Every structure is written in C-alpha cells, then in structure tokens.
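This structure is in structure tokens; I'll ask about it shortly.
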C-alpha cells in the first residue's frame, strides 16, 4: 500500500500534493530536481519526502503533466474522424507547450534510462497513443487491426514533445509553426491511410517496437469514450 494511503490520508495527500507542485515549479525553472531539493522547496523534511518518493525518477514521474489527463477530445467532440483528430492534436500540442520544460525533462530521462526503467516513464505509457486511437475510432472499420495500429503510430511519430523539439531546435521554426505543421502532418497521414492502407508491420520488426502499454492502448480504447452511432 502506498505510504500516503495508510492513516491520516488527508494530511498525507496534502503533503504529496505539495511535493509534486514544488517539483513541477522547479522543472519550469529549468531544474531537474532531486528529492532533497523538492523537499526543501515544499518545506517538507527529507525523511518525509523519501517516504512518498524513494528516488528522483519516481518524483518526476508523479510530477509529469500528462498523468492526470484522460482524453484530449473536447467536452462535445465532433463525429468526423478528421475533426476529432485535429482537436486531439491541437489540445495535446497546447499542453506540450504549456508544460514544455517538464516535457523536455521527461524526454531526456526516457532517453537516458536503462531498458528496464523505460516502460515506467510517462513517455512510454502510450497515453498519446490512446488519445489518437480514441479520435480515430470512426475509421477502425476501414482498416485491419494492424493497419489501424500502424496509422496511430505514424501519427504519434509526428506529434508531441519529440516532434516539437526537432522542429524548434533543429529545423529552427517557431513553436506556432511547429504546431501547425504537426496538425497538417496528422491530417495528411489520415487522408493517405483512407486511400492507401498503411503497411503492415513485418514479423522481424522487434528492435524499437512500441511497448506493450502502447499497443494495449491502441486496441483497448475504453468503449465509454467512443462516440455512439445510430
């Protein structure tokens, strides 16, 4: 049982929230905070902080902004898959820019982590995969399951912090232009997939394949989040 759930849960929840908030504030300042630095910023003892977060990685994972998001669709989403996809990419990109410092920190950690640690990081949890699959639910019947998965993965490759970092830092374009380009790319991939199906993955493609969590989120988008149709 997590420490914060055992006794005096309200007080422990407030302490945990203070630590997460402090960690996010430090990351916004360009710092990759340690548990000790976060404890000091939150006015919490180091011993107490370590009860909640045994190491820096656990702390940063809890502080990642995507943890709380369950969908990127608006409250009353459109039925058209292209419009749904554009809404998801636009909202996802807005969140990326609003939390860019934290996103860059988590990207760096995901690249530095040992293989056994990577799947525990937010960028490896497939949240964006699930949001894209939810947006594209209306085209599932047009493609095989594997082709649908390939479409979702191809769109994921063109959006998010990874794409923003390359377009801004390497290509040298503005953040607004980077977002516009990722939205256009996502639409282009969807339109192409509806006329020429994506290639099915080869059986030998093992190196660098998506994590099990990502694959599960493609095929297991909760039915409750899918639009109802006559």
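To the nearest 0.05, how large is the calculated FRET efficiency for residue 76 and residue 157 if R₀ is 22 Å and r is the Cβ-Cβ distance?
0.15
Treat the count of other C-beta atoms within 10 Å as a stand-in for reagent exposure and order 161, 132 from fewest to most.
161, 132
Another question, if that's okay. Mind sorting 165, 35 by how few other Cβ atoms lie within 10 Å of their own Cβ, fewest first?
By the 10 Å Cβ count, ascending: 165, 35.
Sticking with this one: Compare the peptides 22-28, 10-16, 81-87 by average per-residue count of other Cβ atoms within 10 angstrom and give them in order, highest first.
The packing order, highest mean first, is 22-28, 81-87, 10-16.
Using Cβ counts within 10 Å as a stand-in for footprinting exposure, how do 166, 131 rank, fewest first?
If I rank by nearby Cβ atoms, fewest first, I get 166, 131.
Using only Cα atoms, figure out Rg for segment 8-63 and give it as a multiple of 2.2 N^0.38 Å.
Normalised by 2.2 N^0.38 Å, the Cα Rg of segment 8-63 equals 0.99.
How much of the calculated P(r) for segment 133-190 lies past 17 Å, in percent of all Cα pairs?
Taking all Cα-Cα pairs of segment 133-190, the fraction more than 17 Å apart is 41 percent.
Just so you know, all these numbers are worked out from the coordinates, no wet-lab data involved. Everything quoted here is computed from the prediction, not taken from an experiment. Positions of Cβ are backbone-derived with ideal geometry, glycine not excepted, and every protein chain shown enters the neighbour counts.
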